[in-house]
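Below is one structure, written out as structure tokens; the observations come after it.
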Amino acid sequence: MIDLHSHILHGIDDGAKDIEMSVQMAKMAVADGTTYIACTPHIMPGIYDNNADIIRQKISELKAALDEQGVPLTLIAGADVHIGPTLIEGLGSGDIPSLHGTRYFLFEPPHHVMPPKLVEYSKKLLAAHYIPILTHPERLTWIENHYDKMVELDELGVPIQITAASITGRFGERAQYWSERMLEEGRVDIIASDAHNIRSRPPGLTKAFESIASRLGEESAAQIVFENPKLIIENKALPTKERRISTTKDNKKPKDFWRWFS
């Protein structure tokens with residue numbers, strides 16, 4: 001399997017605290033069946049001022065540690081990129097790394113506030129020939145009031161990435177509800193672990209794959225977990241999605257759903 005979103009690099013953001021934890025995370029990923037993992041630390045101006053050179057250096061250190069211990073995991077460079085005034089310029093200069101040097105990159109909007117021009121900004125990125133992959137929209141606190149924006153982004157051509165642990169319920173009923181809804185509507189392009197550590201947010205995609213397969217069938221699960229991530233790191237176009245009407249509607253929202261607005 002190919003995991004395109006992780007915070008496995010040590011001491012660079014809120015992910016692995018040291019290289020020992022990074023190695024443990026890598027071993028867990030391999031044991032779960034992951035063969036490629038993207039190292040995608042946050043780039044958040046003023047908070048996590050990472051860049052391509054810093055990320056490459058950390059990848060080199062981790063690769064050396066994995067090679068020494070015989071851990072068969074291929075590391076891919078990337079970043080979990082937040083909105084900023086120099087994003088397009090940074091991608092163009094290479095200072096902000098895309099996924100494996102492709103047109104694709106992980107694009108993380110603010111967690112608690114919807115940017116007023118998110119759709120327009122995404123159009124600018126696409127016009128500049130970059131493809132932003134919207135990360136974990138099911139966990140954004142504003143999705144309830146602005147689900148129409150998720151639909152608009154999806155239909156604009158922005159790929160959607162769901163967190164594996166959201167699908168299995170690890171992030172609670174709310175994130176699971178939106179994961180299931182977007183999966184059933186055919187809006188999800190890939191799942192990824194967004195792993196940060198070895199306990200509360202470990203790597204692993206198998207349980208989510210099994211959940212998707214049981215709900216939508218093995219072919220759909222394989223497309224999201226295997227085939228689309230492979231197309232992304234090969235810098236190829238993703239297939240046209242078959243969008244559907246979801247059965248996961250308001251009557252299936254968790255009982256405590258509305259408390260998230262308080």
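The values are calculated or read from the model by the stated rules, or taken from the named source; none is laboratory data. Quantities reported herein were computed from a predicted structural model and do not represent experimental measurements. Counting neighbours? That spans all protein chains shown, and the Cβs are built from the backbone with ideal geometry, glycine included. Just the protein is used for accessible areas: all its heavy atoms, side chains included, with ligands, DNA and RNA removed. Shrake-Rupley method; radii C 1.70, N 1.55, O 1.52, S 1.80 Å.
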I'm trying to understand the selection: among the residues of the range 133-168, which are of a type in the set (S, T, N, Q) and either touching a Cys at 6+ places or on another chain (Cβ under 7 Å) or open to solvent by less than 10 Å² (accessible area, probe 1.4 Å) (or both)?
135, 161, 163, 166
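Are any residues in the range 125-184 assigned to a loop (DSSP other than H, G, I, E, B) and in contact with a strand residue (DSSP E or B) (Cβ under 9 Å, 6 or more places away or on another chain), and if so, which ones?
130, 136, 157, 158, 159, 170, 171, listed by residue number.
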Within the range 105-118, which residues are surrounded by 15 or more Cβ atoms within 10 Å (Cβ to Cβ) and of a type outside the set (A, V, I, L, M)?
105, 107, 108, 109
Check on residue 66, of a type outside the set (Phe, Trp, Tyr) and either surrounded by fewer than 21 Cβ atoms within 10 Å (Cβ to Cβ) or farther than 19 Å from residue 14 by Cβ (or both)
yes
Going through the range 79-104 one residue at a time, which ones are open to solvent by less than 30 Å² (accessible area, probe 1.4 Å) and on the phi > 0 side of the Ramachandran plot?
none
Pull up the range 223-245, narrow it to residues that are of a type outside the set (Asp, Glu), assigned to a helix (DSSP H, G or I) and open to solvent by 20 Å² or more (accessible area, probe 1.4 Å), then point me to the one that is farthest from residue 156 (Cα to Cα).
226
I'm trying to understand the selection: among the residues of the range 17-42, which are under 15 Å from residue 100 (Cβ atoms) and surrounded by fewer than 17 Cβ atoms within 10 Å (Cβ to Cβ)?
35
